[in-house]
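The values are calculated or read from the model by the stated rules, or taken from the named source; none is laboratory data. As the structure is a computational prediction, the values presented were derived from the model and not from experiment. Don't worry about glycine lacking a Cβ; one is built from the backbone with ideal geometry, like all the others, and counts go over all protein chains shown.
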Protein chains: 2
Amino acid sequence: MQVKAEIITIGDEILIGQIVNTNAAWMGQQLTLAGVEVVRHTSIGDRHGEILEALATAVARAGVVLITGGLGPTRDDITKKALCDFFGTELLFHQPTFDQISERFLKRGIPMNRLNRDQAQVPAACTVLTNPLGTAPGMWFEKEGVIIISMPGVPFEMEAIMTQEVLPRLTAQNNTGAIWHRTVLTQGIPESVLAEKLEAWETTLPSHISLAYLPSPMAVRLRLTARGNDRERLRKEVNDQIEALQPLIGESIFGFDDDTLALAAGRLLLARGDTLAVAESCTGGYLSHLITQTPGCSAWYRGGVTAYANDLKTALLGVTPATLGQFGAVSHDTALEMATGVKNNLKADFAIATTGIAGPDGGSPEKPVGTVWIAVTGPTKFFCEKYVFGNDRERNILRTSQTALQLLRHLILEEDKRV
Amino acid sequence: MQVKAEIITIGDEILIGQIVNTNAAWMGQQLTLAGVEVVRHTSIGDRHGEILEALATAVARAGVVLITGGLGPTRDDITKKALCDFFGTELLFHQPTFDQISERFLKRGIPMNRLNRDQAQVPAACTVLTNPLGTAPGMWFEKEGVIIISMPGVPFEMEAIMTQEVLPRLTAQNNTGAIWHRTVLTQGIPESVLAEKLEAWETTLPSHISLAYLPSPMAVRLRLTARGNDRERLRKEVNDQIEALQPLIGESIFGFDDDTLALAAGRLLLARGDTLAVAESCTGGYLSHLITQTPGCSAWYRGGVTAYANDLKTALLGVTPATLGQFGAVSHDTALEMATGVKNNLKADFAIATTGIAGPDGGSPEKPVGTVWIAVTGPTKFFCEKYVFGNDRERNILRTSQTALQLLRHLILEEDKRV
């Protein structure tokens, strides 16, 4: 029987959407990998009554309750008081925590004040979890067989406490059931068509393996989840099911789990011993960022030029003033000259170029906001395609960059066929 | 009395952290701006019983319950069935929705299948909310004075239904209390020092205005929230309180609400009539992306070069082979030559350069992973600073880029003092 966990994230800034709740996602990932089944995320405000109510319902539902937020030095933070009331305990001065805070301040040459000193006060009923990266310690409570863990809301502090303290303790305490996830990443087939193609296969899945479709604008992901007792056996069963997918949709599978399109393209380049350069206008560096997020990309990525000003398209990329004058910066010819120019100037085997109108301004009836040209070029072939995306600047940048990587992958596969 | 809202996001992919819950954040923002008080976010799995239980507790707590997820064409989606059971109703074929879906498929030249046809089945008890960007419609229910709204989980589809259908209806139905938020963005003062400086001022805040500290690695944000009846009056009161902050921490305030460091630097450049160029190595295009996220940046941003390969640092930026040979790519001299080179080659007034070891590989005892040099240069001055961040590639890229923008802002303010 798998241990069930609930994640409670505290903070008005989450409720009003001022920050995106990346903490809950990160904890969900780590707990899942540790074989703990996450059954709920709850976000509530910095209010005493809400914290007590959320704690009470969570402990009735889950064997582990993880709380983040509300442990900073400032006065809007009331989690510690709520925890004291929930456990019928009181705050005590904790010397080792105080020493650790003092040392941190000493190292950074900043004087400590009363608010920092208060952070060494912890509920008497808890085991203190050292925070290696900050001043608010984590806290571990046990009550009627339920484990309750409280951590600060600053993401990298929470992540350090989880990694160094919480996950090892949970793994040691629980002799739990096993779980195995694997996600198949596909592109080029709409979700409903994919579902039809896979219908017969899905019907044959054993009952302990479940399938979920995770659509997104650029890809459809298929997540297989197996539950049982033997992790290694689950892993093999899931892999066998994925093997069975190959004859059905093999050509549209570009990777697994956290693979990215950039990684998929990079693997193909690496296999050829080829390199890549990019020339960006409307994507403004984001395409290069997607590529350089990939560890080890220096083996196949040369670099890029963001030619935001038009005269730089000529000076750095060799786009002719005649092309810019006749067709404009957002055109088939400009995109192709940008790609060819960056391939030559940066001495790469493949190149991508993007040029478009990201918005919110700059559109015209002929070329509305969202109009984008993408060119990809390789040793013997090229594609140059026009797209019309939407009105949202951020989404246009993202979709253009992802589409460019799709086109690149498609081009490399075409070049591969020539050999 | 403000209407309270609860957001329920459905999907195992949220619980296991495969996706970050941006939907809840976006809805939280929009509801808050519409004067609705968001009191809870709940995320649960794609399971019938959990959906019913979450709905039952939410309607007891809130006047509006918004649900996303579980409305796609594939068989893991069971929200619609759960809604039928909750409202004691059944699925009916909805001709206008079917016509709209058919039209979408016709336009895109894709054949429709049975799964798409099923998407036109909606619970008999609901009002259908048109989905202008997808095939799964939104649904509006009312039960015992509580409004329950169900929308698909694809972010841009949900956003379209919220904007075009949900928010106008909620605003029309509710004659609610007013709320006003404003967030003051500061940098350069640690949270606890800021809290001490503001303690006396905070004590004088009227009870209907609350203060929250929102720390992050690069900035401390102070959010003021005022609640009352007259939105315009609240706006004025909050602005008066922010005025009172100026003598206390004025020099560390760089913006408000969703302002970014790039926008703050851009405003300063625009006021001078000056331009910017960037040369990136370890940040790989992310710095340029942060800059070009800012609408209108073409007025002050020339462009950038990502010189990932060392020979491109020489070819495109003029870093001398002697400097690279003697000091290495991650060094004071290389950073400064990169900044000077990009400023000259891209004809800008200011320039930033980043070079470092983002990780996970490439570190040495002398220059461990996380070692970064940042240079900023202007018409008469420059800074060139070394930082040692951590082991995480993604965070190193992010912190280097944000720190570079801080340094740039600092340099522009110094250059301004000369005039």
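State the number of residues belonging to the stretch B:315-325 that are in a helix (DSSP H, G or I) and crowded, with 18+ Cβ neighbours inside 10 Å.
Selection size over the stretch B:315-325: 4.
Only one of the numbered conditions (1) at positive phi; (2) within 11 Å of chain A (Cβ to nearest Cβ) is not met by B:Gly88, and that is (2). Name the single residue that is nearest to the chain's Cα centre (by Cα) among those in the stretch A:385-399 being free of Cβ contacts under 8 Å to residues at least 60 places away in the same chain and crowded, with 19+ Cβ neighbours inside 10 Å. Taking the candidates together, the pick is A:Arg393.
A:Leu115: more than 14 Å from chain B (Cβ to nearest Cβ) and among the aliphatic types (A, V, I, L, M), yes or no? When the stated conditions are applied, A:Leu115 does not pass them. Among residues of the stretch A:200-232 being farther than 19 Å from B:Asp46 by Cα, at pLDDT 85 or above and over 28 Å from the mean Cα position of the chain (by Cα), the one that is farthest from the other protein chains (Cβ to nearest Cβ) is A:Asp230. Just one of (1) away from every other protein chain (no Cβ under 14 Å); (2) in a strand (DSSP E or B) fails for B:Ile352. It is (1). Does A:Ile397 satisfy the condition of being of a type outside the set (S, T, N, Q) and under 24 Å from A:Asp259 (Cβ atoms)? Spelling it out, A:Ile397 is indeed of a type outside the set (S, T, N, Q) and under 24 Å from A:Asp259 (Cβ atoms). Would you confirm, using the coordinates I've provided, whether B:Leu312 is of a type outside the set (Phe, Trp, Tyr), buried (at least 19 other Cβ atoms within 10 Å of the Cβ) and assigned to a helix (DSSP H, G or I)? Judged against the criteria, B:Leu312 is a match.
Considering the conditions (1) over 27 Å from B:Ile357 (Cβ atoms); (2) at the interface with chain B (Cβ under 7 Å from one of its Cβ atoms), A:Ala322 is excluded by exactly one of them, (2).
For the stretch A:30-69, residues that are within 8 Å of chain B (Cβ to nearest Cβ), of a type in the set (D, E, K, R) and under 30 Å from A:Gly228 (Cβ atoms) total 1. Restricting B:Glu157, B:Glu165, B:Glu191, B:Glu142 to those that are surrounded by fewer than 17 Cβ atoms within 10 Å (Cβ to Cβ) and either within 13 Å of chain A (Cβ to nearest Cβ) or over 30 Å from B:Gln406 (Cα atoms) (or both) reduces the list to B:Glu142.
Of the residues making up the stretch A:1-29, those that are β-branched (Val, Ile, Thr) and within 9 Å of chain B (Cβ to nearest Cβ) are A:Ile7, A:Thr9, A:Ile14, A:Ile16, A:Ile19, A:Val20, A:Thr22. Looking only at the stretch B:37-81, count how many residues are under 29 Å from the mean Cα position of the chain (by Cα), among the hydrophobic types (A, V, I, L, M, F, W, C) and modelled with pLDDT under 90. Residues flagged as under 29 Å from the mean Cα position of the chain (by Cα), among the hydrophobic types (A, V, I, L, M, F, W, C) and modelled with pLDDT under 90 within the stretch B:37-81 amount to 1. For the stretch A:368-383, residues that are more than 14 Å from chain B (Cβ to nearest Cβ), in a loop (DSSP other than H, G, I, E, B) and crowded, with 19+ Cβ neighbours inside 10 Å total 1. At least 3 residues being assigned by TED's automatic domain parsing to the domain that holds B:Gly341 is the threshold, and among the helices (runs of 4 or more DSSP H) wholly inside the stretch B:214-302 those reaching it are B:261-272, B:286-292.
Test B:Ala404 against the criterion of being touching a residue at least 24 places away in the same chain (Cβ under 8 Å), within 23 Å of B:Gly285 (Cβ to Cβ) and assigned to a loop (DSSP other than H, G, I, E, B), and give yes or no. No. Hey, any hits in the stretch B:73-85 for a residue that's touching a residue at least 24 places away in the same chain (Cβ under 8 Å), within 19 Å of A:Glu6 (Cα to Cα), assigned by TED's automatic domain parsing to the domain that holds B:Glu165 and in contact with a strand residue (DSSP E or B) (Cβ under 9 Å, 6 or more places away or on another chain)? No, every residue in the stretch B:73-85 fails to be touching a residue at least 24 places away in the same chain (Cβ under 8 Å), within 19 Å of A:Glu6 (Cα to Cα), assigned by TED's automatic domain parsing to the domain that holds B:Glu165 and in contact with a strand residue (DSSP E or B) (Cβ under 9 Å, 6 or more places away or on another chain).
For the stretch B:194-238, which positions are over 30 Å from B:Thr400 (Cβ atoms) and small (Gly, Ala, Ser)? Across the stretch B:194-238, the qualifying residues are B:Ala200, B:Ser207, B:Ser210, B:Ala226, B:Gly228. Which one is farthest from B:Leu312 (Cα to Cα), of the residues in the stretch A:325-373 that are without any contact (Cβ under 8 Å) to a residue 60 or more places away in the chain and of a type in the set (Ser, Thr, Tyr)? By that ranking, first place goes to A:Ser364.
Would you call A:Ala351 under 27 Å from the mean Cα position of the chain (by Cα) and surrounded by 16 or more Cβ atoms within 10 Å (Cβ to Cβ)? Yes: the conditions hold for A:Ala351.
Just one of (1) closer than 30 Å to A:Trp300 by Cα; (2) within 25 Å of the chain's Cα centre (by Cα) fails for A:Val238. It is (1). In the condition set (1) more than 7 Å from chain A (Cβ to nearest Cβ); (2) under 30 Å from A:Lys197 (Cα atoms); (3) in contact with a helix residue (DSSP H, G or I) (Cβ under 9 Å, 6 or more places away or on another chain), B:His94 is compliant with all but (3).
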